[in-house]
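*Asks:* Right, I'll just put the structure down here and ask away after.
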Amino acid sequence: MSADIGLIGLSVMGSNLVLNMNDHGFTVCAFNRTVSKVDEFLANEAKGTKVIGAQSIEDLMGKLKKPRRVVMLVKAGQAVDDFIELILPFTEEGDIIIDGGNSLFTDSIRRTHYLEGKKRLFVGAGVSGGEEGARNGPSIMPGGSADAWPHLKEIMQSISAKAGANEPCCQWVGGTGSGHYVKMVHNGIEYGDMQLCCEAYHLMQGLLGMSCDEMSAAFTEWNKTELDSYLIEITAEILKFKDADGTPLVEKIRDTAGQKGTGKWTGIEALEQGMPVTLIGEAVFARCLSALKSQRELAATKLGNGVKPLTVNAEEKAAFVDAIRQALLASKVVSYAQGFMLLAEAAKANGWKLNFGELCASVRVWLGPTLTRTPSLTLVPTLTPARTPSRRDRPHVARRLHHPLGLPRQDQGGVRC
């Protein structure tokens, strides 16, 4: 049996993506470096499906229809380069290698040029949604060798999440490295969104003295407004989750956060491009600060721990909570705007023709399972630069920021940027 596509890397993410493709009628050939995992997968999760297994790279490539399409879901970095070298001897002109991991965009640029020099095609595809998204529909951000897209479009758009009128959360992003760049900025914005949730929690707990159940109720109500999103939803669920003794579990979790690097990459790239992506940068720094646990504890003994709650009546408390909601919404809009400004600047620097119509106006790529499904993102198209290069200057973008936030436009006496 010939497979429509191959996949290397049967972690939970890879296994779920294989099953997703199978559910949509595609025959997938699966391979893993530890070959016993292939047999286990076929005997368990993939039992009764059309999924076939491979015992080697040569076996995998020999079972694929032409042009061969193979997805790698392996650890970013050297492992990707190593697998490319293992795959190459069994390819021919026009075959397509897809990196679905969280690779640094500069690596994807290098790999695209390298493989195109050998008359092979390379696609760096950002895949967002985690394990659940991989199984039921992720957001996919492919970019690289443009000639590969006609051979990948049906598969990728079929398995992706859907938004609006069944529109796929997958569109071709652009040239070399752009797919992973967009995913990097996507992750950076997600860092910012999580930090904003944390700061809303801090204000409600510290200044208003609200309990976890009260804060959960607030987030639940917010999720019925413009803030409707996965992160707001799960924050409400986390806050009300109880430990075995009936107390909130969240208060027992160590207040330190790690990071995988994509938020940091976004901050570094913002500095490289000279773009003030301040919210994401502060979110990354907040994680770094959280890791300084011993230093924070020592500082608390000298400076005091926490803030003094306000004395407010019920009406004032409700008004304060709504003010926090509005501040959270405004901050999210600013974060998205800064992210898209960075994308626009990177597009100029790297010669990418990013499809802002898809990334911004319809916002399909980031709707669905992961970052946001929020109506607030309908504001984003008004924040983004026009497609005409001559109008992609920073003052133009800055002026666009005024109107959605209720500030006067330049022609109405607003601040001239």
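The values are calculated or read from the model by the stated rules, or taken from the named source; none is laboratory data. All values reported here derive from a predicted model rather than from experimental measurement. Neighbour counts run over all protein chains shown; Cβ positions are idealised from the backbone, glycine included. Heavy atoms of the whole protein, side chains included, go into the accessibility calculation; ligands, DNA and RNA do not. Shrake-Rupley method; radii C 1.70, N 1.55, O 1.52, S 1.80 Å.
*Asks:* Calculated from DSSP H runs of 4 or more alone, at -39500 (n - 2.57) each and per residue, what is the 222 nm mean residue ellipticity of the chain, nearest 500?
*Replies:* -15000 deg cm²/dmol, from helical runs alone.
*Asks:* With only alpha-carbon atoms counted, please give the Rg and Dmax of the chain, in Å.
*Replies:* So, for the chain, Rg and Dmax equal 23.3, 73 Å respectively.
*Asks:* Right, something else. Quote the FRET efficiency, to the nearest 0.05, computed for LEU289 versus LYS50 with a Förster distance R0 of 60 Å and r equal to the Cβ-Cβ distance.
*Replies:* E(calc), rounded to 0.05, equals 0.75.
*Asks:* Please build a GNM for the chain, connecting alpha carbons under 10 Å apart, and tell me which residue among LEU60, LEU88, LEU342 fluctuates the most.
*Replies:* Highest fluctuation among the options: LEU88.
*Asks:* Scale the Cα Rg of region 36-80 by the rule-of-thumb value 2.2 N^0.38 Å and send over the ratio, two decimals.
*Replies:* Details: Rg = 12.3 Å, N = 45, 2.2 N^0.38 = 9.3 Å.
Here the Cα radius of gyration is 1.32 times the empirical estimate.
*Asks:* Can you pull the percent of region 93-166's accessible area that's carbon plus sulfur, 1.4 Å probe, other chains left in place?
*Replies:* About 46 percent, which is the carbon plus sulfur part of the accessible surface.
*Asks:* Within region 5-107, which trypsin sites (Lys or Arg not before Pro) sit in a loop by DSSP and count at most 15 neighbouring Cβ atoms inside 10 Å?
*Replies:* Details: sites: ARG33, LYS37, LYS47, LYS50, LYS63, LYS65, ARG68, ARG69, LYS75; in loops: ARG33, LYS47, LYS50, LYS63, LYS65, ARG68, LYS75.
Those that pass, being in a loop and sparsely packed, are ARG33, LYS47, LYS50, LYS65, LYS75.
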